[in-house]
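Engineer: My questions all concern the structure below.
The values are calculated or read from the model by the stated rules, or taken from the named source; none is laboratory data. Remember, it's a predicted structure, so these values are computed and weren't measured experimentally. Don't worry about glycine lacking a Cβ; one is built from the backbone with ideal geometry, like all the others, and counts go over all protein chains shown. Note: accessible area is taken over every heavy atom of the protein model, side chains too, but ligands, DNA and RNA are not part of it. Shrake-Rupley method; radii C 1.70, N 1.55, O 1.52, S 1.80 Å.
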Amino acid sequence: QVQLVESGGGLVQPGGSLRLSCAASGIAFSIATTDWYRQAPGKQRDLVATITSDGNTNYRDSVKGRFTISRDNAKNMVYLQMSSLKPEDTAVYYCNARFRLLSYWGQGTQVTVSS
C-alpha cells in the first residue's frame, strides 16, 4: 500500500521561508515523477513544482526563483523549499507521486502566510 505524508506547513510572515517534506512508503520517489500542488480556499488545485525520476524540475511561473523542489533518494523524501513567501502562497500543499498509470496523493499540509 502506497502512502504519502506531507509535513512542514505552518504560519509564516511574508518574506519568510518554510520547507515542506513528503515522505513515502510503498513507492520509491526515485522511479516516480513527483509534484507539489496547492489549493487555496474556493480555488482549484494548482501544480506548483515537479521533479522527474531523472531529476529534472519545473515550476509554475509565480514561484520560480522562490521555491525549490528536491529529492533525497536515500531517505525516500521529496522537499519543497519555499522562500520569500507571499500571502498569495497561502494554501494547502499536497504531494503527488506518479508512476506509469498510477497516481498517489498525500493528505496535505496547510501553509499560511500572514503578518
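Engineer: Grab the strands (runs of 3 or more DSSP E) fully contained in segment 40-115, keeping just those with 3 or more residues being open to solvent by 40 Å² or more (accessible area, probe 1.4 Å).
Structural biologist: Qualifying strands (runs of 3 or more DSSP E): 45-51, 57-59, 67-72, 102-105.
Engineer: Being touching a residue at least 24 places away in the same chain (Cβ under 8 Å) and out of contact with any helix residue (DSSP H, G or I) (no Cβ under 8 Å at 6 or more places or on another chain) is the requirement here; does Ser70 meet it?
Structural biologist: Answer is no for this residue.
Engineer: For the subset of segment 3-27 comprising residues that are open to solvent by 40 Å² or more (accessible area, probe 1.4 Å) and not in a strand (DSSP E or B), which member is nearest to Tyr93 (Cα to Cα)?
Structural biologist: This residue is Ser17.
Engineer: Is it the case that Tyr37 is open to solvent by 40 Å² or more (accessible area, probe 1.4 Å), farther than 19 Å from Val2 by Cβ and not acidic (Asp, Glu)?
Structural biologist: For Tyr37, the condition - open to solvent by 40 Å² or more (accessible area, probe 1.4 Å), farther than 19 Å from Val2 by Cβ and not acidic (Asp, Glu) - is not met.
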